[in-house]
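**Q** Quick one: the structure is below, and I'll ask about it shortly.
The values are calculated or read from the model by the stated rules, or taken from the named source; none is laboratory data. Since this is a predicted model, take the numbers as computed values, not measurements. All Cβ positions, even for glycine, are placed from backbone atoms using ideal geometry, and neighbour counts span all protein chains on display. Side chains are part of the model used for accessible areas, which takes the heavy atoms of the whole protein and leaves out ligands, DNA and RNA. Shrake-Rupley method; radii C 1.70, N 1.55, O 1.52, S 1.80 Å.
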Amino acid sequence: MEAQKSDIIRQLQKDILLLQGFKACTTGTVVDVGLGPVNMAFPNETFPLGAVHEFISTSQEETAATGGFISGLLSPLMRNNGVTLWISRNRMLFPPSLKFFGIDPARFIFVDLHKESDVIWAIEEGLKCDGLAAVVGELADISFTASRRLQLAVEQSKVTGFIIRQQPRKLAVTACVSQWKISPVPGDAIEDLPGVGFARWKVTLLKVRNGKPGSWELDWAAGKFRHVPQKAAAIAPAEMRKTG
Amino acid sequence: MAKRFVTIWFRYLKTDWFSLRQPHLKEVPFVLAAPDHGRLVITAANPPAHTQGIDKGMAVADARAIFPSLEVLDDQPELTNKLLVKLAEWCIRYTPMVAVDPEDGLILEVTGCAHLWGGERAYLMDMISRIKGFGYHVRAALADTIGTAWGLSRFGEQASIIAPGQQSEAILNLPPPALRLEAATNDRLQKLGLNQIRNIMNIQRSALCRRFGQHLLQQLDRALGTEEERIEPVVPVEQFHERLPCLEPIVTAKGIEIALQRLLEGLCNQLEQQQKGLRQAILKCFRIDGKVEQVEIGTNRGTYNAQHLFKLFEFKLPTIEPGLGIELFLLEAPKIEDVASIQEKLWETVGGLENTGLNELIDRMVNRIGPGLIHRYLPAEHHWPERSIREAVSLTEEAVVDWRLDRPRPVQLLAQPEPITVAAPVPDYPPMLFRYKGKIHKIKKADGPERIEREWWLDEGLHRDYYHVEDEDGCRYWLFRSGHYGADTSYQWFLHGFFA
């Protein structure tokens, strides 16, 4: 009886989503990006592929954290021989680091441009190409019209797009399916061992279409995301300087 | 199929050029002269001078004795070749195979070209009248062999056309110099009273060979077509090319697009049949005023997809200036490679690096943003971070060595390490705090040091001791100290990257 009820509720929720005009990506295969509890924030409880995600970064450190987080998302997406296009001006991404997120850096194609207008053009062209697994673009600002064009492109090709907005001048409304902010937070010491340990981020979902925004702490450990319950993070020893 | 050749003879090539530049010279006798053994010798004479009996090889003093008011101009030794090459390039509109015949002529291989101008007669007449229109005295002939055509253009009737296989009858009445012989042989033949080729052909070959050498027989064979003669075209002919001569000059963008589409279809058909793909294509537009406009595209993998190639060209077409009109389009594929035929797949996996769509995307990007901006990296066998990756040559190049995973590497690497000020316990401890861009970061956790030696055989300098550190806010950095601690201040701390 209880199970039946939850089924009915889920079905009703799906119907509401349809009425709201939500179109699920129909690539046929469902890829679990391994976000764990974060998935609950999305419609149908799946990370939306074939959509454009926007990441806000206000400092160099946050850009690095965002780069790491996106690499983590890309690793299951690129598992099936996929190729990713990385489009930017003044790129600082260091390809060997991708290997630590389980991706072959040789499957990345870097497009290094001089003009912001070329970057947005290249992202759009890349998103139109269905031979790609994903397109990552680094931009400062993007207009609503431009983001709408990107969204229309991915609806055709089912490619997933990631836009990293470094130090955006204004946070205008965009047509992207979600808006994230990834910032680094201190990691746990593993069983009192010295050293830096796993990378840990505070993942904030600022906006998500048809979903529930929220904030989580995630680790990148043993080649996948690991959710860190909030209260555990609070007990972390305040003053502990370890060297090795 | 028998070959057909046209030879064009410019009787007064150099003097025509001078009278074109200085029109008043047209009616007056003038000669070009160059110093030779301490005297001025005539190297070319124009038609009025010629009728006075002045010819090349005479001394200027002798010519002045015949015609006192003769104008003498300095000869330009390189002029002949320059003019002939120019004219040969202009003649490419008639056939791709145009060669310079040293001194005063051009040789064109016109096999299969004449029908485009409505027959051989119309073809040859068009050629003659247009070159005449430039102001040159010209004689031309069309025959099966270069030898026959050459002889007829110099010694036969103007614009004679010899039907296939008729060359032996055609040369019977010509004088022996029509065979392109050496001067000494010509003299000897004349002294012996052999004034027509007919006389020579009646003599036994062995006797001819004994008296006049192998060269005479060879030239005779070449004229008759029993020995093949090759020409070296001024512009090498690409194996894969398409031509489109236009009835009327094209001036509109739409017209150029249609022409390009037609050429691409033809070329791609050709390529597909032979399982080739082009890597580079050049569209040449020959304008009415003799200028050639050209645009070029490249692809990163062999392709014979006409639509894709058209898209690449489309972006560059506006740079073509049609001027008064384009009369010939030529599409060449100088760089080609083998392509395996694409098999139809039952299901499409998410494409890898060989994906056609991806390759076409890269082509479009390179075409718009220019080369050198698209990179792909492979591991290199160096520990030094800046040298640990190298750029891949092609999209499909495989890594020879594995990517290293044993040491942490930052997600973001500064192109140039930035100096920082630190407070650190000596000698080998990580810093306690560092100041970067005016902000003090207190270090909570650290890994290291990882010493990376500079490869002395590549460049000189100090080694680096790298530390992976995390500050109180949780931001992770890659710092290094360059050099050893010591009493001297030769060491310096730098920030080199940001971890995720």
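**Q** Within chain A, what whole-number % of the accessible surface is contributed by carbon and sulfur, with the 1.4 Å probe and all protein chains included in the calculation?
**A** The nonpolar share, carbon plus sulfur, comes to 55 percent.
**Q** Let me ask something else about it. Dipole of the protein assembly as shown (Lys/Arg Cβ +1, Asp/Glu Cβ -1, origin at the Cα centre): which of B:F30, B:V98, B:F434 lies farthest to the positive side?
**A** Of B:F30, B:V98, B:F434, it is B:F434.
**Q** Provide the per residue accessible area, probe 1.4 Å, for chain A, rounded to a whole number of square angstrom.
**A** Averaged over the residues of chain A, the accessible area is 46 Å².
**Q** Using only Cα atoms, figure out Rg for region B:1-237 and give it as a multiple of 2.2 N^0.38 Å.
**A** Dividing the Cα Rg of region B:1-237 by 2.2 N^0.38 Å gives 1.08.
**Q** Give the ranking of A:I9, A:I142, B:I389 by solvent-accessible surface, highest area first, calculated with a 1.4 Å probe.
**A** A:I9, B:I389, A:I142
**Q** Kindly sort B:R205, B:R198, B:R154, B:R180 by accessible area of their heavy atoms, largest first, with the probe set to 1.4 Å.
**A** B:R205, B:R198, B:R180, B:R154
**Q** If you don't mind, there's one more thing I want to ask. State the percentage of accessible surface on region B:368-429 attributable to carbon and sulfur atoms; use a 1.4 Å probe and exclude ligands, DNA and RNA.
**A** 52 percent
**Q** Given a Förster distance of 25 Å, report the FRET efficiency between B:H24 and B:D126 from their Cβ-Cβ distance, rounded to the nearest 0.05.
**A** Calculated transfer efficiency: 0.25.
**Q** If you build a Gaussian network model of chain A, linking Cα atoms that sit under 10 Å apart, which residue out of A:D104, A:D219, A:D15 swings the most?
**A** Checking each option, the largest mean-square fluctuation is seen for A:D15.
**Q** Here's another thing I want to ask about it. Per residue, what accessible area does region B:241-338 have, given a 1.4 Å probe and all protein chains present, in Å²?
**A** For region B:241-338, the solvent-accessible area averages 50 Å² per residue.
**Q** Given region B:1-92, what count of lysine pairs have C-alpha atoms under 21 Å apart, with each pair 8 or more places apart or on different chains?
**A** Lysine pairs satisfying the spacing and distance rule in region B:1-92 number 6.
**Q** May I ask for the Kirkwood hydrodynamic radius of the protein assembly as shown, worked out over all distinct Cα pairs and given in angstroms to one decimal?
**A** For the protein assembly as shown, inverting the mean 1/r across all distinct Cα pairs yields 32.8 Å.
**Q** How many angstrom lie between the C-alpha centres of region A:164-180 and region B:445-500?
**A** Centre-to-centre (Cα) distance: 35 Å.
**Q** State in Å² the accessible area per residue of region B:1-237; use a 1.4 Å probe, count heavy atoms of protein chains only, and round to the nearest integer.
**A** 50 Å²
**Q** A follow-up question, please. Expected output is a single nm value to one decimal: the length gained when fully extending between B:S69 and B:R407, i.e. 0.36 nm times separation in residues minus the C-alpha distance. What is it?
**A** So the chain would gain 112.4 nm between B:S69 and B:R407.
**Q** Kindly tabulate the residues in region A:124-138 with an accessible-area decrease of at least 20 Å² between the chain alone and the assembly of all protein chains, using a probe of 1.4 Å.
**A** A:E125, A:C129, A:G131, A:L132
**Q** At a probe size of 1.4 Å, how large is the accessible area of B:H137, to the nearest 10 Å²?
**A** Approximately 80 Å² for this residue.
**Q** Tell me, what % of the accessible area of region B:1-237 is carbon and sulfur with a 1.4 angstrom probe?
**A** Of all accessible area on region B:1-237, carbon and sulfur atoms account for 52 percent.
**Q** Taking the inverse of the average 1/r across all pairs of different Cα atoms in region B:364-417, what Kirkwood radius in Å do you get?
**A** 13.2 Å is the Kirkwood radius here.
**Q** Work out how much length A:T204 to A:D7 would gain on full extension: take 0.36 nm times their residue separation and subtract the Cα-Cα distance, in nm to one decimal.
**A** 68.0 nm
**Q** At 7 Å along Cα-to-Cβ for each site, give me the label-to-label distance between B:Y485 and B:S168 in nm.
**A** Here the answer is 10.4 nm between the modelled labels.
**Q** Would you calculate the convex hull of the Cα atoms in region B:203-253 and tell me its volume per residue in Å³?
**A** So the per-residue Cα hull volume is 171 Å³.
**Q** Now, a different point. Label-point separation (nm) for A:K14 and B:V237, each offset 7 Å from Cα along Cα-to-Cβ?
**A** 6.8 nm
**Q** Ratio to report: Rg/Rh of chain A, with Cα atoms as the point set and Rh obtained by the Kirkwood method; give two decimals.
**A** 0.98
**Q** Continuing with this model, one more query. Taking every pair of distinct Cα atoms and averaging 1/r, then inverting, what Kirkwood hydrodynamic radius in Å comes out for region B:241-338?
**A** With all distinct Cα pairs of region B:241-338 included, I get 13.3 Å.
**Q** Follow-up question, since we're still on this one. With a point put 7 Å past each Cα toward its Cβ, work out how far B:E472 is from A:N39 in nm, to one decimal.
**A** According to this spin-label approximation, the distance is 3.9 nm.
**Q** So how much accessible surface do B and A hide from each other in total, probe 1.4 Å, in square angstrom to the nearest 100?
**A** 5000 Å²
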